[in-house]
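Everything on this sheet refers to the single structure shown next.
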Amino acid sequence: MGVDPGTHRIGVGIIDISGPKMICCHYELIENSGDDKIANFKTTAAAISRLVKKYKPDIASVEKLFFTSNQKTVMAVSEMRGVIINTIAGFNIPLSEYTPLQIKMGVTGYGKADKGQIERMVRLILGIKEKIKPDDVTDALAIAICGATNYNPY
């Protein structure tokens, strides 16, 4: 399971590894509307819980925050990351975190890959023929791929 956190848009991607192949099981966008933070937290936690119960992922990966000059945005996304991580932790699922650079390197082999390059590689790796939209779910699938390829249970 890969999660791309945001304040109002959270991408979630679920993949499965079948032998040497990765396949896409599900992806979706969790959308929060309005400025009621508590309601948004509850909506996100409920959606993550629903997906964990349905797909029973062995591991989960979440994008780490990168520094930006907009402190208000960083704080809001940090709070939502806390909700997401706490919800996943409640299911005792091993969790890893990756920076945008690590995700780009893990999926494309190039740390400065653009959104189009990431989307093409995600589709190639997972065998998805149609375009993946929006970018939030593409990123979530890339995060899931990064988590799966770096997972070491030993």
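The values are calculated or read from the model by the stated rules, or taken from the named source; none is laboratory data. Note that the coordinates shown come from a computational prediction; the quantities given were computed from them, not determined experimentally. FYI the Cβ positions are ideal-geometry reconstructions off the backbone, even for glycines, and counts take in every protein chain you see.
Filtering the range 80-119 to residues that are in a helix (DSSP H, G or I) and out of contact with any helix residue (DSSP H, G or I) (no Cβ under 7 Å at 6 or more places or on another chain) leaves ARG81, GLY82, ILE85, ASN86, ALA89, PRO100, LEU101, MET105, GLY116. Within the range 46-66, the set of residues being surrounded by fewer than 18 Cβ atoms within 10 Å (Cβ to Cβ), at pLDDT 95 or above and not charged (D, E, K, R) comprises ALA46, SER49, TYR55, ILE59.
Filtering ALA76, ALA89 for residues that are surrounded by 16 or more Cβ atoms within 10 Å (Cβ to Cβ) and either at pLDDT below 95 or more than 13 Å from VAL3 (Cα to Cα) (or both) leaves a single hit, ALA76.
Scanning the range 102-121 for residues that are free of Cβ contacts under 8 Å to residues at least 12 places away in the same chain, surrounded by fewer than 20 Cβ atoms within 10 Å (Cβ to Cβ) and not polar (S, T, N, Q) turns up MET105, GLY109, TYR110, GLY111, LYS112, ASP114, GLY116, ARG120.
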